[in-house]
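Remarks on the structure that follows.
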Amino acid sequence: MSDQDTSWGTVADLAGLPEMPQTQRGVRMLAERAGWLKRKRATGKGWEYHLGALPEAARNALKERTPSAAPLPVVVVEPRMVIPERRDALGVTDLKQWQRETMDARLVILREVERRAALSLLSEAVATVVALAADGTLPAEIQMALPSALAKNGKDKETLSPSTIHRWRAMAKRGMGALAPAPMDAGGTPAWVEPFMKIYRTPNRLTVAAVLRQMHEAKMDPGLIPSYSQARRYLERIGEAEAGKGRLSRLQLTAKLPFIRRSTSELSPMDIVNGDGHLSYFLALHPNTGKPTRLEFTEVFCVATRIHAGWSINYSENTHAVVDALRMAVEFGGVPKIVHWDNGSGAKNKNLQDEVSGLKSRLGFEFYHQTPGNPQAGGIVERGHQQVLIPAARRFDSYVGRRDKDDGLLRIRMKAIQEGKIRLPTIPEVVEMIDKMREIYNNTPHSSLPWMFDKVTGKKRHETPKEAWQRHVDGGWKPVRVDNALEEFRLEETRTVLRGEIRFHTMIYSNPTGLKEWHNKKVRVRYDPRDGSKVWVWSLDKHDRLICEATRDGNVRPYLVDNVLEHGGMLRLRGQLARLDRKKLEKLAEARQTLEMVVEPLTIAQEEAANAMIEQLGMGESRTAEIVPLHEAQILESGFPARPVFSGTLAEEAWGKWAMANMDQLDEEELDKLESRLEDPWFRRLLGFDDDEGEGDGDSCRTKRRAGHRE
């Protein structure tokens, strides 16, 4: 207790008194709740509280402790302002969070005014609080509450003044809820909200400034155009989800709304499996074409233990990819009860879901599909992709980024591949990497699994998927195994047998012996997408038995025997070669006719030499073939051209007769050409030979060539 003034005491003096808390902290909390008068201690740190607010028993005990002290004055201190809650049109329970914050902040300031008014006049207390607020020297907790207390409907801020405090006091007398600012919907929605939101809630996603600009350009009533601050304040109050209606897609809005966390603690392994396909984030070497390709991975996860149960690799998310991934999952953990997949065609088809021949009917599980446009329903497999496929992709030099967002990186990678700077991984290398990352994932603690203490470090952590799986196995859980899983996981369709044949996927399969008794009956056809050479035919009756194996084109026989086909093929080949030779000669003749030659006037001597050559070849005046001489510099001294060039409609005939008469001037290539042309009856008749003469001439050419000289 203070030596100078016995009307004040510290928390140490008051702790333990009758009807008082036993600890100093309890006394301090009681004084704050009740709004006791306090002041800074003259010496030391801390506060002193006025003793007039103590209960009577505490004051008597304190008086007995200090009998020489003067009687303690009884000061009536108003307790914390707690006005009974009124259930009117604006009840406290109906307030929004921002209204509650403003109401509580105003109560804090009013309590400070009441506390100071207990020591002086109310007007002086109000003036003191206003002055301290303007200087920013109010107690820290009160100064922090000031911005929220000054929030006002229709304005961003208002200044603290004596009239504001008196108005708050008057409002508090009507009820605590009256201190909260009236919401827009309580006092009526402003007139500008409807035209503003009509423009704002469009897929164009205009900004607030753009919406206001359009409203001004449309020359709307100024009373229907809010200020920028009013519009922003309204959008903040209604929230992102409400403001995003019409601007965002349903999926984007769903991401801003509350959701339900589904507990998996009651599930056992393989009760539910979650599967999906995902395009790779790297380029691999296509085994057939040798070109860069992006593979499709299909993964299956156990919901209860989050374990990576199975996966497959393909070039698209098709039925075979889904079946292969499920086969691996069944071999790993047994038959599931429920398979949860998206709505893609790879899983939503009759091969898997047909009530008679579908995979689910043969193995005995149920298929469920998530709501379209709701990827959160497949969150387990989506998270698995991020923990297995993406880390695996980043370990390859051909990583191209997530989906197609990194177009620049894709172009860089493709250029590097073309230049040979990056080596594409092969399929076996990809499989090895995925298996490695799958093993790492299954042995990594998962935040969705229960807590445990690590046996090595002794620290608390989550279970790994393998540890969760083993916990269920140790508890007595056993998987449901399938005998001959490869046979059961073959795809199956229903077909009708007609005369021992089954038409299946544009091909015909037959087994004349096995299908003889099944004409016009429906059967189940199981097949392997990787091997189209045969199918397995099963009955549709209650016995469910294997009838036979049917091979592709099993009843096909050759139309003719092999030697007859071979003879016909040789004749056709000879005809094709003859037609090719004729076409070759025709093209060469056309090329010779189109050559551009330099034609100069002949001298008298050259004309006489040309006429003599024409007479020598026996063409006469009736022939229309033209001999185009070469350049004058290529003429021999005798006046005859070294090699005449033939053109015109009868060029080939003229060349043939000239060649027969001047075989000593022909080279090896021209001799071959002449020999080949003389085998053609049409060419021989063109030169005026019959077949016998032509054959003789042809033999003569060959004889001269064998002799190694020319006539």
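The values are calculated or read from the model by the stated rules, or taken from the named source; none is laboratory data. For clarity, every value in this text was computed on a predicted model and none was experimentally measured. Methodologically, a virtual Cβ is constructed for each residue, glycine included, from the backbone with ideal geometry; neighbour enumeration extends over all protein chains shown.
Summed over the range 327-370, the residues that are hydrophobic (A, V, I, L, M, F, W, C) and in contact with a Gly (Cβ under 7 Å, 6 or more places away or on another chain) give a count of 7. Look at the range 429-450: where a residue is within 16 Å of D397 (Cα to Cα) and assigned by TED's automatic domain parsing to the domain that holds A309 and a partner is among the small types (G, A, S) and not in a helix (DSSP H, G or I), sitting 6+ places away or on another chain with Cβ atoms under 7 Å, you get V430/A284.
Looking only at the range 255-285, count every residue that is over 26 Å from G333 (Cα atoms) and buried (at least 16 other Cβ atoms within 10 Å of the Cβ) and tell me the total.
We begin by selecting, within the range 255-285, every residue over 26 Å from G333 (Cα atoms); these are 255-260, 281-285.
Checking the rest, the ones that are also buried (at least 16 other Cβ atoms within 10 Å of the Cβ) come to 281-285.
Residues meeting the conditions: 5.
If the condition is being in contact with a helix residue (DSSP H, G or I) (Cβ under 6 Å, 6 or more places away or on another chain) and either outside any helix (DSSP H, G or I) or modelled with pLDDT under 85 (or both), then the range 399-436 contributes Y399, V400, G401, I422.
Here are some residues: M215, M220, M197. Which one is over 30 Å from Q370 (Cβ atoms), of a type in the set (A, V, I, L, M), not in a helix (DSSP H, G or I) and not assigned by TED's automatic domain parsing to the domain that holds K96?
M220
Go over the candidates G46, G52 one by one and state the one that is in contact (Cβ under 8 Å) with a residue 40 or more places away in the chain and within 20 Å of R115 (Cα to Cα). Steps first, please.
Details: G46 fails: in contact (Cβ under 8 Å) with a residue 40 or more places away in the chain.
Result: G52 is the single residue among G46, G52 that is in contact (Cβ under 8 Å) with a residue 40 or more places away in the chain and within 20 Å of R115 (Cα to Cα).
Among the residues of the range 134-167, the ones that are surrounded by 15 or more Cβ atoms within 10 Å (Cβ to Cβ), farther than 22 Å from W36 by Cβ and either at pLDDT 85 or above or among the acidic types (D, E) (or both) come to 4 in all. For the range 263-366, the helices (runs of 4 or more DSSP H) that sit wholly inside it and include 1 or more residues that are under 29 Å from D474 (Cα atoms) and of a type in the set (V, I, T) are 319-333.
Within the range 436-479, work out how many residues are of a type in the set (D, E) and exposed (fewer than 12 other Cβ atoms within 10 Å of the Cβ).
Result for the range 436-479: 2.
Each row is one residue, and each column tells you yes or no for (1) at pLDDT 90 or above; (2) within 26 Å of T164 (Cα to Cα); (3) surrounded by 17 or more Cβ atoms within 10 Å (Cβ to Cβ).
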site	(1), (2), (3)
D185	no, yes, no
P190	no, yes, no
R201	yes, no, yes
L253	no, no, no
